[in-house]
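First up is the structure itself, then whatever we jot down about it.
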Amino acid sequence: MSNYRIRKGDTLSALASRFKTSVSELARINKIANPNLIYAGKTLRIPGHARNDSFEPARGGTRGGGTRASGGSHGSGGTRGGGQVEGSRGAGKPGQATPAMHKLASAGRAAAMSIGGYNSQGLCATGVSKAIQNAFGFKVWGNGNQIDNNLPRDKFKQVNMSLEEALKTPGLVLTWEKTSSRLGSIYGHTAITTGDGRSSVSDFIERNTLGAGGRSGLKVFMPTI
């Protein structure tokens, strides 16, 4: 048995895989009520490892109880559901888009044109879900501000990017908690970047996403398929 100090971006599932154990075992040993909630800086007991193992041991004893990943659940500083937040360095920068990202951007544009073209139909989550299904073969349910919680964490990761930077990269999923419209204040908004630095697509092609004011709680997700 050894100790590990949780770092920003760690998830219990990733640590379980890294240390050749299971999420349930880590949760049991550390008395974690909700395996999706862990805090950076807390101490995690690791079964079956000696002190000379090749990872940074934590100082001090174990602190039990359910914990939350560092960073908030709103904006680009954190994520819910145990998702990992990564800095933007090397993550989906212009010219570094993966084939999966290009595929999602293309599917997003096709979905937008099949629903609303250049005019919003109030079905942003439908468009994004359709694009993800057409690109990768699985559905993601929820409203514009719920899709972020339902993206499979083994297929998407949250990245810390500004909207301006994200719009230069194709195939990123954007979610906002709220927008300035009445329905948007309840259901939020979601879209997929095209990579041209200006537009994004959902149920329609929005040609100036940077100019769309009144949106808050932006989160950015990159496919890792």
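Cα-Cα over 22 Å: which of Lys31/Lys219; Lys8/Lys31; Lys20/Lys219; Lys178/Lys219; Lys103/Lys155? The pairs that break the limit, which is 22 Å between Cα atoms, are Lys31/Lys219; Lys20/Lys219.
At the residue level, Val220 shows approximately 0 square angstrom of accessible surface with a 1.4 angstrom probe and all protein chains present. Seen through its C-alpha gyration tensor, with square-root eigenvalues sorted a ≥ b ≥ c, segment 140-215 comes out oblate because a/c lies at 1.5 or above while a/b is not bigger than b/c.
Heavy atoms only, 1.4 Å probe, whole protein assembly: order Trp176, Trp141 by accessible area, highest first.
Solvent-accessible surface, decreasing: Trp141, Trp176.
Here the dipole of segment 132-181 is about 160 debye; that uses its Cα centre as origin and unit charges on the Cβ of Lys and Arg (positive) and Asp and Glu (negative).
Would you work out if segment 1-42 is rounded, prolate or oblate? Take a ≥ b ≥ c from the square roots of the eigenvalues of the alpha-carbon gyration tensor; rounded if a/c is under 1.5, else prolate when a/b is larger than b/c, oblate otherwise. Rounded, because the longest to shortest axis ratio a/c is under 1.5. When His189, His102 are compared by accessible area of protein heavy atoms, the largest-first order is His102, His189, using a 1.4 Å probe.
The values are calculated or read from the model by the stated rules, or taken from the named source; none is laboratory data. Keep in mind that this is a model prediction, so the values were computed, not measured. Don't worry about glycine lacking a Cβ; one is built from the backbone with ideal geometry, like all the others, and counts go over all protein chains shown. All accessible areas refer to the heavy atoms of the entire protein, side chains included, with ligands and DNA or RNA removed. Shrake-Rupley method; radii C 1.70, N 1.55, O 1.52, S 1.80 Å.
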